[in-house]
Amino acid sequence: MSANETPASHRPPTATYDSAFLRACRREPVPHTPVWFMRQAGRSLPEYRKVREGIGMLDSCMRPDLVTEITLQPVRRHDVDAAIYFSDIVVPLKAIGIDLDIKPGVGPVVERPVRTRADLARLRDLTPEDVSYVTEAIGLLTRELGATPLIGFAGAPFTLASYLVEGGPSRTYENAKAMMYGDPELWADLLDRLAAITAAFLKVQIEAGASAVQLFDSWAGALAPADYRRSVLPASVKVFEAVAGYGVPRIHFGVGTGELLGLMGEAGADVVGVDWRVPLDEAARRVGPGKALQGNLDPTVLFATREAVEDKTREVLAAAQGLDGHVFNLGHGVMPSTDPDALTRLVEYVHTRTAR
């Protein structure tokens, strides 16, 4: 926070301040359990597929008009309690000049992977000018959203490092782990550089008007707790500390991170996202006091009958009963072939079931 920036505690409340979502993140009483979905703006919606026709993913992320429309689509359709900014975790890497593309059916592919100390020079600092389209899109969105909060997001240093070092998606992370174990100094410097880029990207989103931010450490579940503590946690801490002064809720999420929940809570987030493998009451025990939780319906449940969806939803809500703060979400992103009507019904069911 700059010397002449108003401290968060002395700023006037925003239009979104008393929303159910932000109240839950702050562990305050809510009128109902708030709901939003990871990947709610995306391939499950026919209106999304229509506006994206013939436009590459990264190009879509750089067009403020398109970003605005796609981000708003699930808010209109599902009546979710928060929008999440439509983007991709590799956008800041593309913005600083890394030669990468998102290939359909594959994911992000990096032309020249980062494997040596000389490669670090390619990871320059991110400036607001590099992502001016983000600032423009968030300005458009906050005007449209009014009292509905907008969640900004970024990929965590470990997950970004995994893509950069592997050159694309991986199931084993052998190159990334080989660097982490074999050249810990290079690895630490790589994650430190990525932490600075990630923090800068989140700051742009918050300063443009995002009401909360989520750090996706999608692949952290590939790590043992001792390796996470030693080789990943310091960089995640750096990101969360960099945006702490803004006073917006910070969410931390990873997949397959049941064994890491306590450590992920230590990183500094206000809300810890939980996948579907650990019940929320047990997750709360692992995370410890002072944090809200987000989650955690298995995304595949939405392919079952309406009765089955409601049964499993009641299980999630029952496990969350004693929590200070709970944001209902899936335990991972919406799957592309999910029936959008199932999501709309789920939002309505949670709102009705938890109405105070």
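Here is a yes/no grid of residues against (1) aromatic (Phe, Trp, Tyr); (2) assigned to a loop (DSSP other than H, G, I, E, B); (3) in contact (Cβ under 8 Å) with a residue 24 or more places away in the chain:
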site	(1), (2), (3)
TYR163	yes, no, yes
GLY168	no, yes, yes
ARG171	no, yes, no
ALA178	no, no, no
LEU191	no, no, yes
PHE201	yes, no, yes
GLN205	no, no, yes
VAL213	no, no, yes
SER218	no, yes, yes
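Tell me which residues, restricted to the stretch 78-131, are acidic (Asp, Glu), without any contact (Cβ under 8 Å) to a residue 40 or more places away in the chain and under 20 Å from VAL67 (Cα atoms).
ASP88, GLU129, ASP130
Among (1) within 16 Å of the chain's Cα centre (by Cα); (2) part of a helix (DSSP H, G or I), there is one condition GLY152 misses while meeting the rest; what is its number?
Going through (1) within 16 Å of the chain's Cα centre (by Cα); (2) part of a helix (DSSP H, G or I) one by one, GLY152 breaks only (2).
Mind checking which residues of the stretch 223-279 are open to solvent by less than 50 Å² (accessible area, probe 1.4 Å), among the charged types (D, E, K, R) and farther than 21 Å from ARG193 by Cβ?
ASP270, ASP275
Kindly list the number of the only condition in (1) crowded, with 23+ Cβ neighbours inside 10 Å; (2) modelled with pLDDT of 95 or more that fails for TRP219.
(2)
Residue check: is ARG39 among the charged types (D, E, K, R) and at pLDDT 95 or above? Steps first, answer last, please.
On the way: among the charged types (D, E, K, R): yes; at pLDDT 95 or above: yes.
When the stated conditions are applied, ARG39 passes them.
Any idea how many residues of the stretch 76-130 are more than 21 Å from ILE151 (Cβ to Cβ) and among the small types (Gly, Ala, Ser)?
Adding up the residues that qualify gives 5.
What number of residues within the stretch 115-151 are of a type in the set (A, V, I, L, M), open to solvent by 50 Å² or more (accessible area, probe 1.4 Å) and closer than 21 Å to PHE86 by Cβ?
Filtering the stretch 115-151 down to residues of a type in the set (A, V, I, L, M) leaves 118, 120-121, 123, 126, 131, 134, 137-138, 140-141, 145, 147, 150-151.
Remaining after also requiring open to solvent by 50 Å² or more (accessible area, probe 1.4 Å): 118, 121, 140, 147.
Restricting the remaining residues to those that are closer than 21 Å to PHE86 by Cβ gives 140, 147.
The total comes to 2.
Can you confirm whether TYR163 is buried (at least 16 other Cβ atoms within 10 Å of the Cβ), farther than 30 Å from GLU69 by Cβ and among the aromatic types (Phe, Trp, Tyr)? Steps first, answer last, please.
On the way: buried (at least 16 other Cβ atoms within 10 Å of the Cβ): yes; farther than 30 Å from GLU69 by Cβ: no; among the aromatic types (Phe, Trp, Tyr): yes.
Considered against the rule, which asks whether it is buried (at least 16 other Cβ atoms within 10 Å of the Cβ), farther than 30 Å from GLU69 by Cβ and among the aromatic types (Phe, Trp, Tyr), TYR163 comes out as no.
Name the pairs whose Cβ atoms lie under 9 Å apart, with the first residue in the stretch 290-310 and over 16 Å from ARG277 (Cα atoms), the second among the basic types (Lys, Arg) and assigned to a helix (DSSP H, G or I), and 6 or more positions between them or separate chains?
That search, which allows pairs on different chains as well, returns ALA304/LYS312; ARG306/ARG345; VAL309/ARG345; GLU310/ARG345; GLU310/ARG353.
Count, please, the residues in the stretch 305-320 that happen to be open to solvent by 70 Å² or more (accessible area, probe 1.4 Å) and either touching a helix residue (DSSP H, G or I) at 6+ places or on another chain (Cβ under 8 Å) or closer than 28 Å to ARG49 by Cα (or both).
4
Count, please, the residues in the stretch 47-77 that happen to be in contact (Cβ under 8 Å) with a residue 24 or more places away in the chain, open to solvent by less than 60 Å² (accessible area, probe 1.4 Å) and either touching a His at 6+ places or on another chain (Cβ under 7 Å) or assigned to a helix (DSSP H, G or I) (or both).
Of the residues in the stretch 47-77, 15 are in contact (Cβ under 8 Å) with a residue 24 or more places away in the chain, open to solvent by less than 60 Å² (accessible area, probe 1.4 Å) and either touching a His at 6+ places or on another chain (Cβ under 7 Å) or assigned to a helix (DSSP H, G or I) (or both).
The values are calculated or read from the model by the stated rules, or taken from the named source; none is laboratory data. Everything quoted here is computed from the prediction, not taken from an experiment. Please note: Cβ atoms are built from the backbone with ideal geometry, for glycine as well, and neighbour counts cover all protein chains shown. Only protein heavy atoms, including side chains, enter the accessible area calculation; ligands, DNA and RNA are left aside. Shrake-Rupley method; radii C 1.70, N 1.55, O 1.52, S 1.80 Å.
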